[in-house]
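Worksheet: one structure, shown below.
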Amino acid sequence: MLTLQMLVIFAASYSVARSFELHFDDKSKENDCVEGPSSWYRGTRAYTASGIPCQRWDVKYPHQPKYLPEGGRHNYCRNPDNDVHGLWCYTTDPDRRWEYCDVPKCPDDSLLLWTNLQNASANILAIEADPELIGKRSSQQKGQFNISVLVDANRFFSEYVDVTGSYMEHTIFYVNSKADCVEATNMISNLSSIHLRGLASTITAIAYDWFNQNLYWTDGTMNWVMVADPTLSFFTPVYRSGNDPLTSIAVHSTQRRLFFSTHKPMGSRVIATDMAGQTVKVLFKYPKVFKVTAMSIDYTDDRLYVADYWDYLAMVTSCDMDGGNIKHHYYRTGSKFTGIAAYLDYIYMADDQGRYNNHGDLLYSMWILSKNTRKTLKYDFSGEPRGLKVLSKKEEDSLSKGFGFGGCDGVPPCDHICLPRVNASRECACSMGYHKNGDTGCTPLYLEDNYLFVLDEKLYKLFEFSLNPQDEIQYGIVETDRFEKISEVTVDPLRQNIYLFSSREEGILKYSPSTSMYSKLAETVQPSSVAVDPISGHVFFADIHSQSIYGSCEDGRFIIPIMTPMSMLLMSDIKMLSVDSKNKKLYYTNTNSMEGNGQVWRMNFDGSSHEVVMENLHWPHAITIDYKRNSLFVGEAKLLMVIEIPLDSLNGLLDDPPPEVSYMLDVGDQSYSYLKSFQVYKDTLYFVGSHQVHRMSLTDGSIEDYGPRDFYKLSSLALFSTKYQQNELDSFPNPCLKQNLSCPHSICVAISEKKAKCL
C-alpha cells in the first residue's frame, strides 16, 4: 500500500493554554478504553497521563473551569470541548491547569475515503475515520500523518468522480468518468475489476446498499436513478426525473430507502423513495435548498445530511428520514462541499475550493464538524477532493435490522435485480431490454420478423424494435456476451447474419442469432462502414485508414480491394456504403473532410464505372436505398436533413427527372445534432436521435417518437424483414448463378443484371 505524507492543520480547537501534574484515584479502571468520540466517554479514569489526580469539574480550586461536561459533579476524565487529542481534565496541581488523560482508544479501523485529483494522477485516498486517532498521532509526528493511497492512476486515463463501498466486503466502488466505467477494488487483495462500461461518464453520484449489495447511482444526463445487481451485470432505472438533472444520492440500507436530489434554477428538490423508486416523497425543495452537491446517511442519529451550495457559500443541513426536524449545522463562505459523510459525532465535508498558502501551494480542505459542540477542524492537502465515504463496521453491524417482510431474502430469487420495499413485498426488476416473465423471471423479447436493429454504442448493446403495425411499440435486447466497443450494425436478412463493427476497432464481427455463432472478418481492417448485398451475400466495407473499399465473400475467405483512392486520399472521408442490389451498384458518401465539399459516389461491384452522382453537399453521412419508393436517400448529417432522389433519375432513365425532395428531421432535442443513421420501411423513415428512435412519415412529413427514451447514445439502425426481402429483393437476378461462374480463389460479383466476373 502506498503512503503519502500530508500536512494536517487543526483549526479553532482550543482557546485555553494548558499544562499539568497529579496523584491517583482508586476508582480508575486500568483496562478502560474510549469507544467512539472521547466526548461520549463515561468511564471513571480520574488522573492524567502523568499521574496527577483530576480536579472536580464543579469546583473552582485550584483552577477556575472554563468547560463543564454534562453531569460534572465528579473528577473523571472527559472531553467537553471535543479536543481532537482526546480526554483531559483540570488537575489538582496548582502549577498545572490541565493535562490529557492517557486512556487508549478502543480498536476502530473505520476509514474515511475520498476521490482526489492531482495534476498528473487520480487517486482514492483513505485515512482513519476517527479524527482523535489522527490527532494523537499527528501530535507525536509534529503535524504530519500518513494518508493511504488505495487507488493510484494516471489522470490522462482516469478521473474519479465519486466513491462508495462496503466495510464487510472490503470493497470500494468508484466512478471513472474518463474511462467511462465503474471500477471495484478489494482492499485486502488489491484486485480490481471494471464494470458498467459506457454508463459512467454521466454519473454524478453513487451509493451502495451494503445489505442487498445493489449499487445505485444518479445519471445527470438521462436524469435517472439507476440500480445494478450485486454482480453489476444487470441494471435498470428505478426513477426518472424528467427534465430535472440529478445531482446526488444516498442509501439507507436498513430502512430500505433512497434519497436523491434534483436541480434546476429555483426548482431544486430532495426526494425520498423506497429502493424500487416508489412511494415518492419530496422532503424539501427550493428555497429550502438551492443546489444540493452531496448527501449522506448518518446511521448514528438516523438523519439525512445534505450539502447545499448557494453560489457564494456552502451549507450543511440535516433532517430526519421523513424530512422533519430540519437543522442547520454549518455554513462557510467561499467553499463548496462536493462530498459529505457522517460518522459517530462527526460530519466530514470535502471542500473543492482551493486556496494558496504562504508558500504558493494550492491546498484543498477536509472540514470536520463536531455535531455536539459545532467546533471544526480541518485537514489541508494537495489535490481536489470530490466524493466522500465512511466505511465502518459500526454501521454495517446493524445488518439484522434489514431482515423481514419486503426484503430480498425470499424464495425464489429474482433473475436479475431484487429491490427491497418498505411495507410491501420485494420487487424483481429486469435489466434494460429484458421483459418480466412472471414475478421473478426476465427474458429477452424475441421478434420473428419485421424489426429494426438499434445499436447503443455507449452500452455496447444491440436492441430490436418491432415494425409490425398491430404490435404495441416494444423493444428487446439481443442477448449476447460478445459485443464490445461496437458502434455500427448492418444485416443480411436472407441469411440472417448480423455484422457489427466500430471505426475505433479492427475487424468485423459476424453473428448469427439463430445459431449464436460468431466469426470475425477482415481482422486487420478498421472499417468505417459495412454493407451487404443480400442477393449474393457479399460483404463490402471501407477502411478508415487507407480509404479503400473492399469486397469479401460471406465467410471472409477472400478480401479483394475494389476501390483504392489515389490523389484524394488526404481529403477522403468515407462515411457510409449502401448496396443497390437491383442495379448492381455500390454507393457511398464522402465528406472530403470539408463542409460544403461532400459527395455521393457510385460504382459497379468490381470498382468499375466509378463516378460522382451528387456533389457540393454540406456533410453527407447516412445513405440507404428503398425499392418500394425506388429511391436513394442521403442524409446531410449536420443539417439534420434527408434528400430523396429517384433511382431512375440517377440511372438516366427519365427524360424529365423530378427535383430532389428534402426532409428536415428536427425533433426539438438539443442533444441531437448529427444524423448518423436511418432506414426506410413502408413510406416511413426511421432515424436515431441521441436517446431514442424517431420516425417520419414520407407521406405527410409528420415526425413522432418511436418507443421510449431509454438509450444512452444510439448510433446505428438496420432493417430486418424477410417480407421486404421476398417482396422487393427476391426478384433481382444473380448473374453469378445464371452463368454458373466458378471463382475458386476469388469472389464472383455481378457487374450488371446479366453479367458477372471473378475479382
*Heavy-atom accessible area of residue 728 with all protein chains present, probe 1.4 Å, nearest 10 Å²?*
50
*asked:* I need the shape label for the range 479-544. Rule: rounded when a/c is under 1.5, else prolate if a/b > b/c, else oblate, with a, b, c from the alpha carbon gyration tensor.
replied: oblate
*Using amide H atoms built 1.01 Å from N in the peptide plane, name the residues 5+ places from residue 631, or on other chains, whose amide H lies under 5 Å from its own.*
626, 647
*What's the local net charge at residue 200, with K and R +1, D and E -1, over the other residues with C-beta under 11 Å away?*
-2
*What does the charge count near residue 672 come to, summing +1 for each Lys or Arg and -1 for each Asp or Glu among other residues with Cβ under 12 Å from its Cβ?*
+1
*asked:* Students often get this wrong, so check it: of 638/738; 178/575; 585/676; 461/723, which have C-alpha atoms separated by over 32 Å?
replied: 638/738
_Rounded if a/c under 1.5, otherwise prolate or oblate - the chain, Cα gyration tensor axes_ = prolate
*asked:* Can you compute the FRET efficiency between residue 42 and residue 446 using 1/(1 + (r/R0)^6), with r the Cβ-Cβ distance and R0 = 45 Å? Round to the nearest 0.05.
replied: 0.10
*Hey, rough spin-label estimate for residue 611 and residue 60, points 7 angstrom out along Cα→Cβ, what's it come to in nanometres?*
11.2
*Please work out the Cα center distance from the range 166-208 to the range 576-627, rounded to the nearest Å.*
45
*Between helix 131-140 and the chain: long-axis angle, C-alpha atoms, 0 to 90°, nearest 10*: 70
*Quote the accessible area belonging to residue 384 in square angstrom, nearest 10, computed with a 1.4 Å probe and with ligands, DNA and RNA left uncounted.*
40
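Express in nm, to one decimal, how much length is gained between residue 300 and residue 638 on full extension, taking 0.36 nm for each residue of separation and deducting their alpha carbon distance.
Gain in length upon complete extension: 116.2 nm.
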*Among the aspartates and glutamates, which have Cα under 18 Å from the Cα of residue 288 when same-chain residues fewer than 8 positions away are ignored?*
244, 308, 311, 320, 322
*Most to least accessible of 300, 254 (protein chains only, probe 1.4 Å)*: 300, 254
*Can you work out ³J(HN,Hα) from phi for every residue in the range 735-751, in order, using Karplus 6.51 cos²θ - 1.76 cosθ + 1.60 and θ = phi - 60°, giving whole Hz and x for Gly and Pro?*
x, 4, 6, 5, 7, 6, 7, 9, 10, x, 10, 7, 10, 9, 10, 7, 10
*Quick one: which of 105/378; 582/682; 66/327; 136/389 span more than 25 angstrom between C-alpha atoms?*
66/327
*Protein chains only, probe 1.4 Å: how do 695, 42, 73, 256 rank by accessible area, largest first?*
73, 42, 695, 256
*How far apart, in nm, are the 7 Å Cα→Cβ label points at residue 673 and residue 279?*
4.3
*Find out how many positive minus negative residues lie around residue 115, taking Lys and Arg as positive, Asp and Glu as negative, among other residues whose Cβ is under 13 Å from that of residue 115.*
-2
_Need one value: the accessible area of residue 523 in square angstrom, 1.4 angstrom probe, rounded to the nearest 10._
110
_Using a Förster radius of 45 Å, what is the FRET efficiency between residue 313 and residue 68 based on their Cβ-Cβ separation? Nearest 0.05, please._
0.85
*Residue-normalised accessible area of the range 667-753, expressed per residue, 1.4 Å probe, Å²*: 45
*Mind jotting down the distance between the C-alpha centroids of the range 720-759 and the range 539-555, whole Å?*
18
*State the percentage of accessible surface on the range 654-759 attributable to carbon and sulfur atoms; use a 1.4 Å probe and exclude ligands, DNA and RNA.*
47
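Would you mind calculating the gained length between residue 152 and residue 362 on full extension (0.36 nm times residue separation, minus the Cα-Cα distance), in nm to one decimal?
73.6 nm
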*If the label point is 7 Å along Cα→Cβ of residue 437, which residues in the range 414-429 have backbone nitrogen under 20 Å from it?*
414-419, 427-429
*Any chance you could check the Cα centroid distance between the range 341-374 and the range 254-281 for me, in angstrom?*
27
*For residue 753 and residue 120 in the same chain, what is the full-extension length gain: residue separation times 0.36 nm, less their Cα-Cα distance, in nm?*
221.7 nm
*Obtain the nm distance between the two label points defined at residue 95 and residue 192 by a simple spin-label model: each point lies 7 Å from its Cα along the Cα-to-C-beta direction.*
5.8
*Using θ = phi - 60° and the Karplus form 6.51 cos²θ - 1.76 cosθ + 1.60, what ³J(HN,Hα) does each residue of the range 591-607 get, whole Hz, x for Gly and Pro?*
6, 6, 6, 8, 4, x, 10, x, 9, 10, 10, 8, 7, 6, 5, 9, x
*asked:* List the lysines whose Cα sits under 19 Å from the Cα of residue 60, skipping any in the same chain fewer than 8 residues away.
replied: none
*Put +1 on the Cβ of every Lys and Arg and -1 on every Asp and Glu Cβ in the chain; which of 450, 430, 267 then has its Cα farthest towards the positive end of the dipole?*
267
*asked:* For the full complex of protein chains and a 1.4 angstrom probe, list 133, 215 by accessible area with the highest value first.
replied: 133, 215
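The values are calculated or read from the model by the stated rules, or taken from the named source; none is laboratory data. The shown structure was predicted, so the numbers you read here are calculated from the model rather than taken from an experiment. Cβ coordinates were reconstructed from backbone atoms using ideal geometry, including for glycine residues, and neighbour counts include every protein chain displayed. The area values use the complete protein model at the heavy-atom level, side chains included, leaving out ligands, DNA and RNA. Shrake-Rupley method; radii C 1.70, N 1.55, O 1.52, S 1.80 Å.
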